[in-house]
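Visitor: Okay, handing you the structure first.
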Amino acid sequence: MNDIIKKVINGDYYMKVSKNIVDKRREEVMKAIQENNFMTVEDLAKKFNVSEVTIRRDLQYWEDKGAIDRKYGGASLLQAFIDEDEAEYERFRYMKSIAKRAASFVEEGDVLFINSSMTALMTMNYIKDKHVTIVTNNARAINYDPDAKITVLLTGGEVRYPKKSITGGIALQTLNGIIADKCIIGCSGLTKDGVSTGYHKETMVNKLMIQRTKGAKLLLCDHTKVGLTFSFEYSNYDDIDCLITDIKTDKEILEYIEDKHKIEIITVEPIK
């Protein structure tokens, strides 16, 4: 093989490898934005060990596709384009549908507690044109761009990574000074006996949110968490008014909870 042919073949191979690297990074950039709802150029550059100029090109690529909105030195999610896998994408659609249904309970002037659950936090995306105050121990809330009439208050306290839940004495002190109209909480596991989480400090926050709510207490849970049990239980359903889940959740478990605890159960289909 002569040198000219070798150069052409090697050059072509190099171009293909380079394109694959760029495509793979752009997919990972999109996944990071989907997970966090907002990412700064600086954080993305550090995460992927590339220059900010490179990240800006990647963001321009996704902006041209209508996937993101570039602002404030970063990008916020408009619509998900990358599916980590089919099952995870389907779960994401159920989570959004559950959150949208929960938002329908919110009324003008409400003060809401929202815990560290991602599904619960997604509710913010579906509350429109209502003056609402949201008090949350979910640090991911700062990445959201809610309706202009919504006020978001973080409890303050210790931030636990990577979930970014806020717990501890400061968070509890903040909640003790507030009476909410409604609370919207998620869980890590749900069985016939109750709902649970794997982190004991989150249990204390979740219990206090329920106790300090004078109106509806909404529990959000998609089917992938049903049947799971974690070390720290924070409700046996007697203090829950409504469970919002999806159509794939075990019907036997739902019927048992509904019959024994007399709570409203709503099942939703995945969002379009």
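The values are calculated or read from the model by the stated rules, or taken from the named source; none is laboratory data. Since we're looking at a predicted model, the values are computed, not measured. Ideal geometry is used to build each Cβ from the backbone, glycine not excepted, and the neighbour counts take in all protein chains shown.
Visitor: Only one of 142, 178, 185, 150 is of a type in the set (Val, Ile, Thr) and modelled with pLDDT under 95; which?
Guide: After applying the criteria, what remains is 142.
Visitor: Shifting gears a bit: Taking residue 253 as the residue in question, decide whether it is of a type in the set (A, V, I, L, M, F, W, C), touching a residue at least 12 places away in the same chain (Cβ under 8 Å) and out of contact with any helix residue (DSSP H, G or I) (no Cβ under 8 Å at 6 or more places or on another chain).
Guide: Answer is yes for this residue.
Visitor: OK, next. Looking at the stretch 191-206 only, could you name the residues that are touching a strand residue (DSSP E or B) at 6+ places or on another chain (Cβ under 9 Å) and part of a loop (DSSP other than H, G, I, E, B)?
Guide: 191, 193, 194, 198, 199
Visitor: Of all residues in the stretch 211-233, how many are without any contact (Cβ under 8 Å) to a residue 40 or more places away in the chain and either crowded, with 20+ Cβ neighbours inside 10 Å or outside any loop (DSSP other than H, G, I, E, B) (or both)?
Guide: 6
Visitor: Specify the residue that is surrounded by the most Cβ atoms within 10 Å (Cβ to Cβ); the eligible residues are those in the stretch 234-245 that are free of Cβ contacts under 8 Å to residues at least 60 places away in the same chain and not aliphatic (A, V, I, L, M).
Guide: Here the answer is 234.
Visitor: Another one. Identify the single condition in (1) more than 21 Å from residue 154 (Cβ to Cβ); (2) without any contact (Cβ under 8 Å) to a residue 24 or more places away in the chain that residue 177 does not satisfy, given that it satisfies every other one.
Guide: It is condition (1) that residue 177 fails.
Visitor: Which residues, taken from the stretch 169-192, are surrounded by 13 or more Cβ atoms within 10 Å (Cβ to Cβ), of a type in the set (Gly, Ala, Ser) and either under 17 Å from the mean Cα position of the chain (by Cα) or farther than 17 Å from residue 117 by Cα (or both)?
Guide: Those that are surrounded by 13 or more Cβ atoms within 10 Å (Cβ to Cβ), of a type in the set (Gly, Ala, Ser) and either under 17 Å from the mean Cα position of the chain (by Cα) or farther than 17 Å from residue 117 by Cα (or both): 180, 186, 188, 189.
Visitor: Tell me which of these residue 43 doesn't satisfy, since it passes every other one: (1) over 30 Å from residue 135 (Cβ atoms); (2) at pLDDT 85 or above.
Guide: (1)
Visitor: So residue 173 passes all but one of these: (1) in contact with a strand residue (DSSP E or B) (Cβ under 8 Å, 6 or more places away or on another chain); (2) outside any loop (DSSP other than H, G, I, E, B). Which condition number does it fail?
Guide: Failing condition for residue 173: (1).
Visitor: Take residue 163 and tell me if it is within 25 Å of residue 239 (Cβ to Cβ) and either among the small types (Gly, Ala, Ser) or surrounded by 20 or more Cβ atoms within 10 Å (Cβ to Cβ) (or both).
Guide: no
Visitor: Counting just the residues of the stretch 51-93 that are among the aromatic types (Phe, Trp, Tyr) and within 22 Å of the chain's Cα centre (by Cα), which one comes out modelled with the lowest pLDDT?
Guide: Ranking the candidates gives 81 first.
Visitor: Picking from 117, 188, which residue would you name as being touching a residue at least 60 places away in the same chain (Cβ under 8 Å), polar (S, T, N, Q) and assigned by TED's automatic domain parsing to the domain that holds residue 222?
Guide: Just a single option satisfies the conditions, and that option is 117.
Visitor: Being loosely packed, with under 15 Cβ neighbours inside 10 Å, assigned to a loop (DSSP other than H, G, I, E, B) and charged (D, E, K, R) narrows it down to one of 248, 272, so name that one.
Guide: Only one candidate passes the filter, namely 272.
Visitor: Residue 38 fails exactly one of the following numbered conditions: (1) at pLDDT 90 or above; (2) closer than 27 Å to residue 183 by Cβ. What is the number of that condition?
Guide: Residue 38 satisfies all of (1) at pLDDT 90 or above; (2) closer than 27 Å to residue 183 by Cβ except (1).
Visitor: Go through the stretch 94-116 and count every residue that is more than 18 Å from the chain's Cα centre (by Cα) and not small (Gly, Ala, Ser).
Guide: Adding up the residues that qualify gives 6.
Visitor: Filter the stretch 191-210 for residues that are basic (Lys, Arg) and touching a residue at least 60 places away in the same chain (Cβ under 8 Å) and give the result.
Guide: 192
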